[in-house]
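These notes are about the structure you will find just below.
Read-outs: derived from the displayed coordinates by stated rules, not from any lab. In this text, all values refer to a predicted model and were calculated from it rather than measured experimentally. Methodologically, a virtual Cβ is constructed for each residue, glycine included, from the backbone with ideal geometry; neighbour enumeration extends over all protein chains shown.
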Amino acid sequence: MKKALFLLLTGITSVQLAAQQLTKFVDVFSGTGGHGHVYPGATVPFGMVQLSPDNGNEGWDWSSGYHYSSNTIAGFSHMHLSGTGIGDWCDISLLPLTDTSQIRNTKIKIPFSHSNEKGKPGFYSVQLDNGIQCDLTAGERTGFHRYSFPSPAGWLRFDMGFAINWDQCTEGMLQLVDDHTLIGYRYSTGWAKGQKVYFAAKFSLPVQHFIFIDDSVSLKNSATGNKVKIALQFNTIAPLLVKVSLSTVSTDKALAEVKKAAAQNFAEVAITAENLWEKELQKIKINTDNKELATKFYTSLYHTCLAPVISNDADGAYQTHDNKLRHFNNGKNKYTVFSQWDVFRALNPLFTITQIKRLPDIINSMLQLYEDNGLLPVWDLSTWEANTMTGYHSIPIIADAMLKNIKGFDYNTAYTAMRKSAFQNQRGVPDYIRFGYVPQDKHGWSVTMTLEYAYDDWCIAQVAKKLGKVSDYNLFMKRSMSYKKLFDRNTGFMRAKNSNGKFIEPFDPLLSEHGFEGQYVEGTAWQHSFFVPHDINGLAVLYGGKEKLVKKLDQLFTAPSELHGENVSADVSGLIGQYAHGNEPSHHIIYMYTLLGHPEKAAKWLKVVADSIYKTGPDGLSGNDDCGQMSAWYVWSSLGMYPMNPASGEYVFGYPLVDNAIIQLPNKKQLRLQVNKLYQTGRDGIASIEFNGKKIPITIISHGQLLQGGKLIINVYK
């Protein structure tokens, strides 16, 4: 009877996995509300252009320029960050207007209704309350605009001074080359210093009249200044089409790029953009009979392709924050937006399956930043090292690729760069080496730094072993055990010590300190004390055995969902007890249950998180998406596994949310996932697993096994 039921279910699902359009399941507005900080505009996978609306408001929840709670649009700019916690970019802003009554305002906020707004991958549309219909799409380096005006006299305002939050323009230039062409640049400083963006815009209609605004130096057809704007008038009987190409080097390079777009029309570009997204989504096909689950899954997969983004011109040229002209020679595209503290956990391991062709360029971009700046990136934006967050987490990303034998970059150069990060003369590293942990009286965030440096050192050790560097292997393995020095047996937490070796008192595991002097970054002792992904057995020994560690994990989910302190971190969100899924330090914790022998507990909490933390609609994310990390967690977890130790080449089993999936592997093979549900009262979790006809343990599956392709059957208790 059960066998017949399984065959019936398999037969139904094979129909559901038949070819279909997957972009229709993507909700580009998911994560634009709450604290998701996602933008809804038009882009192609990893493209240089992210053409999206800006509300004109400022604050943490407008870090992407847009928040669903707003009802105004102050412009459509061409560069946006997805899911970050700091507002920057929003470069090269333009706004369509029906008249000139407000053109000298610093910001013009045009009301709109969400009922007149729609979007899908590669396309965004809104009708403003002034009657202008605005349609946007994008290519890799060019944004395409289509504006339909309610009257025959329409205006466009380009604003080089437009900025949000920390960002401000330091110099702007606008020049009307002819009646169909505008060029310019915007230099700015903010979270990233020394940013430079050049553009060239081509209009389908001739400019009838123009006005420079807030210009410090104005010639006949050009102006410069840190707030420079231009208002252009057109005869708008027909829709106005605008093509805006970007360059990081010069307006000449931007002109060359926009010239390549001359033959492209709006509709064709929109179709091409959607097809590029469809190609990305088709890499993992799941059963889509559950529309809510399919929407959450494919929206998450979409989010994983929004960062990093291309930062060089088509010929490989780019410019650094300190004005050096360079050429990227180690691949097709150089990338920026490396939010390493976030994405090393799940996004980059996902790339070793979904982005194998792009991944060498991404890693070579990190190595190029090492060459340009002297160290591997911690948080790179526009070639500027923001040094935000803790750890040196380019290391696990590169180590993961090397240990999986991914080619396309120089292993010796990579190892040299990794080792240099581990001996840098900043970020608390010298004291970490001297004391064997980071003392709190020497550096803030000392507990988090110690735990993360210990993990990164484990990653270096594995690469050293692979390369035959025995002494380095021994050195870094010893350093990887540094976590033990901060464990307090009396409380069961990782705690801060001063340089005298004594724990800091008093101690409150619910204390959240958002400033740089806190003991834990963006979290409490509860979230950070379990970050030992490279040595779960060693951590269990500290607790007195696996079952005592399991008991501590149980307490994590039942502890009070409250935070103490005068400056509580807003990043600690999505709380279930003290498990905080809205921020990255908690993301691996549930999977510890499986390795500790309790897959049923992992299943229980995975289902709670998937159902209560991930939603459809604007408030679909409980915290910042952080360049796709939050979404990558959902993609992995939906498939029933997760890279708990991101550089181990192993995926820990959890509880699959889908019934079936087909994963396109980088070696052109397929992995077919089949989930069979056993209805047995009082049982939860995975019952058994078969891989290509053989039963395997309910613990892990290796990357090498996945690459074999074939069939993975997971039998679960429902």
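Some values worked out for this structure:
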item	result
Amide proton proximity set for Ala317, modelled H, under 5 Å, gap of 5+	Phe328
When the chain is reduced to its Cα atoms, the Kirkwood hydrodynamic radius in Å	26.4
Contact order normalised by residue count of the chain, Cα under 8 Å, 6+ apart, percent	12
Relative contact order %, segment 592-716, counting alpha carbon pairs below 8 Å whose residues are six or more apart	25
Efficiency of FRET between His180 and Val217 - r from beta-carbon atoms, R0 22 angstrom, step 0.05	0.35
Interchain or long-range residues, amide H under 5 Å from Asn235's placed H	Gln208
Cβ-based net charge around Leu97, under 13 Å, with every Lys or Arg adding one and every Asp or Glu removing one	+2
Hz values of 3J(HN,Hα) by residue in segment 244-251 - Karplus curve (6.51, -1.76, 1.60), Gly and Pro given as x	10, 9, 10, 8, 9, 10, 6, 5
Cross-link reach list, lysines versus Lys551, counting only Cα pairs under 18 Å and skipping chain neighbours closer than eight places	Lys601, Lys604
Highest average packing first - 488-494, 56-62, 573-579, Cβ atoms within 10 Å	573-579, 56-62, 488-494
Amide H within-cut-off set for Trp379, under 5 Å, with H built and near neighbours excluded	Ala386, Asn387, Thr388
Table column - 3J(HN,Hα) (Hz), segment 211-217, Karplus curve with 6.51, -1.76, 1.60, x for Gly and Pro	9, 7, 10, 6, 8, 8, 9
³J(HN,Hα) computed for each position of segment 348-353 - Karplus, 6.51 cos²θ - 1.76 cosθ + 1.60, integer Hz, glycine/proline x	5, x, 5, 4, 5, 10
On Cα atoms only, tilt of 411-421 relative to the major axis of the chain in degrees	90
Per-peptide average of other Cβ atoms within 10 Å, ordering 326-332, 420-426, 435-441 highest first	435-441, 326-332, 420-426
Crossing angle, helix 394-403 versus the chain [Cα axis fit, 0-90 degrees, rounded to tens]	70
Simple label model, 7 Å out from Cα along Cβ direction - Asn498 to Gln282, nm	6.4
DSSP bridge orientation in the chain - percent antiparallel, rounded to nearest 5	95
Separation in nanometres of the label points that stand 7 Å from Cα toward Cβ, at Ala263 and Gln426	4.8
Segment 607-683: chymotrypsin sites (Phe, Trp or Tyr not before Pro) falling in loop per DSSP and having at most 10 other Cβ within 10 Å	Tyr679
Shape call, segment 204-259: gyration tensor on alpha carbons, a/c limit 1.5	oblate
Peptides ranked, highest mean first, by Cβ atoms within 10 Å: ranges 457-465, 143-151	457-465, 143-151
Segment 602-701 shape via C-alpha gyration tensor axes, a/c threshold 1.5	oblate
Listed residue pairs exceeding 21 Å between alpha carbons, taken from Lys484/Lys546; Lys291/Lys615; Lys407/Lys694; Lys497/Lys548; Lys279/Lys357	Lys407/Lys694; Lys497/Lys548
Cα gyration tensor shape for segment 39-279, rounded if a/c is under 1.5, else prolate or oblate	rounded
Using alpha-carbon coordinates, inclination of helix 2-16 to the longest axis of the chain, degrees	20
